[in-house]
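The values are calculated or read from the model by the stated rules, or taken from the named source; none is laboratory data. If you're wondering where the values come from, they're calculated on a predicted model, not measured in any experiment. Positions of Cβ are backbone-derived with ideal geometry, glycine not excepted, and every protein chain shown enters the neighbour counts. Just the protein is used for accessible areas: all its heavy atoms, side chains included, with ligands, DNA and RNA removed. Shrake-Rupley method; radii C 1.70, N 1.55, O 1.52, S 1.80 Å.
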Amino acid sequence: MVVEIKNLVKRYNDFLAVDNVSLNIGEGEIYGLLGPNGAGKTTTINTLIGLIKADNGEINIHGRNINKYSDEVKREIGIVPQEIAIYDELTAMENVTFFARLYGLRDGLLKERVKEALDFTGLWDRRNDISRKFSGGMKRRLNIACSIAHHPKLIIMDEPTVGIDPQSRNHILESVRELNRKGSTIIYTSHYMEEVEELCNKIAIMDHGKVIADGTKDELKNMVSVEDRVEIELSAVNYTVVDNVKKVTGVKDCIADNGRLRVSSHKDSKNLSRIIDCIVNADLEIIAMNIEKPTLETVFLTLTGRTLRD
Amino acid sequence: MVIFQNNIKRLLRDKYTFLMMFVIPIIFISFILFSVGGSRPISVSVIDKDNTELTKLFLEDMSKNCKLVDIKENEIQKKLIRGRTDYVILIEKGFSEAIIKGEDVRLKTYNIKETNSSMAAQIYADSFINAIKNIGKASNGNEASFYEGMAHYKDSSLGVEYTSLGKSNSKRAYTVTGIGYLLMFMMYLAVNSTSLVLQDKQLKTYGRVLAAPVSTKMYTLQNFLSGYLIVAVQVTLILLIMRYVFKADFGPALLSIYAFILIFAITAIALSAMINSFSKDSRQANSMSSLLIVPMCMLGGAFWPRWLMPDLLRKISSFVPVSWALDALEKLIYGRPFSSVLLEVAIVMLFALVFFLISANKKRVKNA
Ligand SMILES: Nc1ncnc2c1ncn2[C@@H]1O[C@H](COP(=O)(O)OP(=O)(O)OP(=O)(O)O)[C@@H](O)[C@H]1O
Ligand SMILES: [Mg+2]
């Protein structure tokens, strides 16, 4: 295990920000921490990197307790804070160099790694510009560059894509995959479920300080979906076809509605081709088809009764 | 020392720091030093009841550096208070005889405490009396050999040294005021440069740096050191400019003065640490420092001599480190040795300790 969090509790006065959270994150994973605003993601991360003291619980990174081996553990982590943390009066290069030196890089290796980090985030051409003049997206990328020059084994990114355009966002997501391919374990925090769904192989969903579900994407979705649904738009609908579809194995129900067929089947019936056969045999034309798969949004909605973006 | 270096880089790049460091202090101090008009000689009155060859020599000597003002014994108080004379010396009958016999006699003197001019007059008188006491001891009560020694003394280098002890005393008074302003600007700069910690908190780089393998202690220490270096550079350059460009008169021991101011710089950093620990951001720290530093300097006598202030304020002023610093610096400027300001060094360091403790305690409470 790269990260083991056991029964983590953090209170702000009477307010329970992190409520008995336990997580295990394995080597090479891109682990998503998904939750709405105020769920306790950043608080969890900040206890993980030793910035705030937990009220209870234990955290081990690479098997070492973070309180006992604070410096050793910190050396192996690259943190991309939610709030951009760069010196805006310094240039991009000076920022990356400063943070890299904090992790002990010097001389030739320092120069090499600084260039690598700036190249990686596409900022090399702007390296001598004062970062105050950067756009939001560029600052976000610089924020990332500052965290990777020392080649950390564990990279923690707290909402690295907040408030930036889709192009920059894709650039960042691609970088995350690339870092992971190069061997870093990644913790990725977000309240964009599409991002997490696209990027992460394991996910924990947090709400009100608690982990309400965790596991692989499929495990999470299986928790909430009891049936497979498909919606088919046809040139015309007749009752014969409805009756025939209902006879297909696994189908629970079929409803004709305004030129559409809504078919629900038992989970994992894998009967879609047979349903389509029925329609083709009835000489009807399929105009559009929509397979409704549960998303992480559905998972969250089912577990909390609220949508993520509320 | 990565943080230290980074802080220095950030500070030197900041135009505001540069203004506070040199430009503003130099403008102020040059005003003060250029306002040194025709320097007023020190007025000394001697009531000579002994009236011997020796006391005549003494009067002659004093007149080289001071303006001698006639006075009667019953008007000493009045004339001192009205500023007609700065220093009154009363030579009792038998004084010369006692000196020649090598006895330990003292002059009776009157002055208003702590005025610069009287301090200078006192130094002239003391050095003369010390010299003649030594000659007295050496001559073993023999009047002839005593006066022989005196004649020798007058020509000797010793005599030259003491006459050069302070030709321009009121010029030195301006130097004291100039240094008073320097202390004020030091404290401002100290607050400004150590409040990088508050900027770091706003920029969120504070937490980011602590997420690296850096302890809070190391961060704080390097923050103090960078602030101290900036203040030390300020002090060095301004003293050099005062001395070599404005030709300010620092008396005989500029190095001691420099050393003392560098010690006071620690107190300035400690004060800043305290101000920072009570502030949310650097703007708040700056307004709090204005609120503290100016009154501190007023009480401490940075803008005018403390003896001008009412008794109560003078008493209060001993709770302000600037008072002690200026007392010490005044002594050094008027030629006293560094050993005479050790008490002030101790007290100024004690203030530093108290300020550091308050800020550490405040931080602890905040974190709890
Ligand atoms: N320093 C603090 N003092 C008091 N309450 C705090 C503090 N920091 C966070 N909280 C509270 O703890 C809760 C969790 O905050 P946290 O920042 O961990 O949420 P988050 O999941 O990161 O949210 P977001 O998506 O908005 O970043 C919030 O309700 C917040 O108000
Ligand atoms: Mg957050």
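One table, with the values for the structure above:
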quantity	calculated
Per-bin percent of Cα-Cα distances, segment A:117-272 [5 Å]	2, 7, 14, 13, 11, 10, 9, 8, 8, 7, 5, 4, 2, 1, 0
Proximal aspartates and glutamates relative to B:Lys362, as straight alpha-carbon distance under 18 Å, when same-chain residues fewer than 8 apart are discounted	B:Asp281
FRET E, pair B:Val294, B:Thr236, Förster distance 25 Å, beta-carbon r, rounded to 0.05	0.55
Ranked by how many other beta carbons lie within 10 Å on average, peptides A:5-18, B:202-215 from highest	B:202-215, A:5-18
0 to 90° range, to nearest 10: angle between helix B:282-300 axis and chain B longest Cα axis	10
Summed buried accessible area for A+B [probe radius 1.4 Å, Å², rounded to 100]	2100
Per-residue average of Cβ from other chains inside 10 Å of A:67-80	2
Total formal charge among the other residues, if their Cβ is under 12 angstrom from that of B:Tyr147, Lys/Arg +1 and Asp/Glu -1	-1
Label-point separation in nm, B:Ser287 to A:Glu285, each point 7 Å along Cα→Cβ	7.4
Under 5 Å, built H, 5+ apart or other chain: amide partners of A:Ile79	A:Ile156
Segment B:242-368: equivalent-ellipsoid semi-axes (sqrt of 5 x gyration tensor eigenvalues, Cα, Å)	29, 16, 15
Aspartates and glutamates with Cα under 15 Å of B:Lys331, excluding same-chain neighbours fewer than 8 positions away	B:Glu114, B:Asp126, B:Asp249, B:Glu344
Relative contact order for chain A, counting Cα pairs under 8 Å that sit 6 or more residues apart, in percent	20
Estimated dipole of the protein assembly as shown in Debye, rounded to 20 [Cβ of Lys and Arg +1, of Asp and Glu -1, Cα centre]	1700
Most to least packed among A:271-280, A:179-188 [average Cβ atoms within 10 Å]	A:179-188, A:271-280
Solution diffusion estimate, µm²/s, Stokes-Einstein, chain B, Kirkwood Rh from C-alpha pairs, 10 °C, viscosity 1.306 mPa s	69
For segment A:209-309, share of DSSP beta bridges that run antiparallel, in % to the nearest 5	100
Dimensionless Rg ratio for the protein assembly as shown, taking C-alpha atoms and the 2.2 N^0.38 Å reference	1.54
Taking only Cα atoms of chain A, radius of gyration then Dmax in Å	24.2, 79
Theoretical FRET efficiency, 1/(1+(r/R0)^6), r = Cβ-Cβ of A:Asp125 and A:Lys53, R0 41 Å, to 0.05	0.45
Helix runs (DSSP H) in chain A reaching 15 Å along axis by Cα, Kyte-Doolittle at least -1.0	A:92-102, A:107-120, A:136-148
Filter on A:Lys210/B:Lys280; B:Lys201/B:Lys363; B:Lys217/B:Lys363 - keep pairs with C-alpha separation over 21 Å	A:Lys210/B:Lys280
Too-long pairs where the Cα-Cα distance tops 30 Å, listed order kept, from A:Lys10/A:Lys74; A:Lys68/B:Lys9; B:Lys78/B:Lys101; A:Lys6/A:Lys221	A:Lys68/B:Lys9; B:Lys78/B:Lys101
Potential extension, B:Asp70-B:Ala346 segment - 0.36 nm per residue separation minus Cα distance	95.2 nm
Cross-link reach list, lysines versus A:Lys246, counting only Cα pairs under 25 Å and skipping chain neighbours closer than eight places	A:Lys267, A:Lys270, A:Lys293
Order of exposure, largest accessible area first, which applies to B:Trp304, A:Trp124 with probe 1.4 Å	B:Trp304, A:Trp124
Spin-label pair A:Tyr69/B:Ser318, simplified geometry with 7 Å Cα→Cβ offset, distance in nm	5.8
FRET efficiency, B:Met309 to B:Arg84 (Cβ-Cβ, R0 22 Å, nearest 0.05)	0.50
Cα long-axis angle, helix B:24-34 against chain B (0 to 90 degrees, to the nearest 10)	10
Stretch gain in nm, segment B:Glu53-B:Leu107, where the contour uses 0.36 nm per residue and the Cα spacing is subtracted	17.8 nm
Taking all pairs of distinct alpha-carbon atoms in segment B:186-226, Kirkwood radius in angstrom	10.6
In Hz, Karplus ³J(HN,Hα) per residue of segment A:194-201 (6.51, -1.76, 1.60; θ = phi - 60°; x = Gly, Pro)	4, 4, 5, 4, 6, 9, 9, 8
Listed peptides A:292-302, B:100-110, B:82-92 by packing density, highest first (mean Cβ within 10 Å)	B:82-92, A:292-302, B:100-110
Degrees between helix B:254-277 axis and first principal axis of chain B (Cα, 0 to 90, nearest 10)	40
Protein accessible area in the protein assembly as shown, 1.4 Å probe - carbon and sulfur %	54
Accessible area expressed per residue, the protein assembly as shown, with surrounding protein chains retained (probe 1.4 Å, Å²)	47
Share, in percent, of DSSP beta bridges within the protein assembly as shown that are antiparallel, nearest 5	65
Residue mean of other protein chain beta carbons inside 10 Å, B:197-210	5
Neighbourhood net charge (12 Å Cβ-Cβ; Lys/Arg +1, Asp/Glu -1) for A:Ser70	+2
